[in-house]
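A short reminder: the numbers here are calculations on the coordinates, not readings from a lab. Keep in mind that this is a model prediction, so the values were computed, not measured. Neighbour counts are summed over all protein chains in view; Cβ atoms, including those assigned to glycine, are modelled from backbone coordinates with ideal geometry.
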Amino acid sequence: MSRNKNEDIIRLSVIDDHPIVHLGIELAIRKCRSHSIVITNKYYNGAEVIGMLENLNTDVFLIDLFMPNINGIELTQKILDTHPTMKIGIYTSMIDKEYIINSFKSGALGYLPKSASSAEIVDFIVTISKNERYVRGVIADILFAKDIISNQQIYFTKREKEILDFVLEGCKNREIAEKLNIAERTVEFHKQNIYLKLDVNNLVDLYKAAQRHNLLSERKITDKN
């Protein structure tokens, strides 16, 4: 998925089964006079998105947690399987520890309550468009209070699992790309997602996290797909 030629424009797709939510996001963008955010697509269920995965025209997805056919966490994983560079945020009224944890582990960059102000909505979209995590307010309180960066089960997509195994075996990006018959750049994008999920910044910390989560010796990584 390539970014718009105009780097100042953020192409946003909203997925929610309630029309009022789509309207609310539009109004929030207008209220904040955020000319950098343009809503390019509106979807009312996950099945619509899955049918369009080959022709996405967006930089950021704002996804509801509960929708017909497929939930936001599963949809996030499916999108990232084919578009690993996509920026995804969960926008929901459900404030629950397990849903928050699983949303981040599925690859979402942020989790925002629907009670958020217009300014918070715009800040949320802009932040995750930069491939930065958005963890603020009540969500930050819940995550830090519960210390989720511990020995919680980590969920990886099928491709992330394959790449992580090769990285832990000492393979370089080029080797991995050749083994999986994918572009070297794609390998790097998946590695970035793996680093985010394990909350590490370099290879040394990756090995430490892998050891902490029993990934080095047993390779027990739960595949959600």
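Taking the chain as a Gaussian network of alpha-carbon nodes connected by springs under 10 Å, the highest mean-square fluctuation of the residues F189, F156, F144 belongs to F144. Just checking the listed ones, K158, K172, K42: in the Gaussian network model of the chain with Cα springs under 10 Å, the one fluctuating most is K172. For I88, the amide hydrogen comes within under 5 Å of the amide hydrogens of F61, L109, counting only partners 5 or more places away or on other chains and with H modelled in the peptide plane.
Each residue of the stretch 133-140 was assigned a 3J(HN,Hα) from its phi angle through the Karplus expression (A = 6.51, B = -1.76, C = 1.60, θ = phi - 60°), giving 6, 10, 9, 9, x, 5, 5, 5 Hz with x at Gly and Pro.
Distance between the pseudo-spin-label points of R30 and L53 (7 Å out from Cα toward the beta carbon): 3.5 nm. Comparing N193, N45, N201 in a Gaussian network model of the chain where C-alpha atoms under 10 Å apart are linked, the largest mean-square fluctuation is found at N201. Only DSSP H runs of four or more residues enter the estimate; each adds -39500 (n - 2.57), and after division by the residues of the chain the mean residue ellipticity at 222 nm equals -14000 deg cm²/dmol. Using θ = phi - 60° in the Karplus curve 6.51 cos²θ - 1.76 cosθ + 1.60, the 3J(HN,Hα) couplings for the stretch 156-166 round to 10, 6, 4, 5, 4, 4, 4, 5, 4, 4, 5 Hz; x is entered for Gly and Pro.
For K158, the aspartates and glutamates whose Cα comes closer than 15 Å to its Cα, not counting residues fewer than 8 places off in the same chain, are E74, D81, D223.
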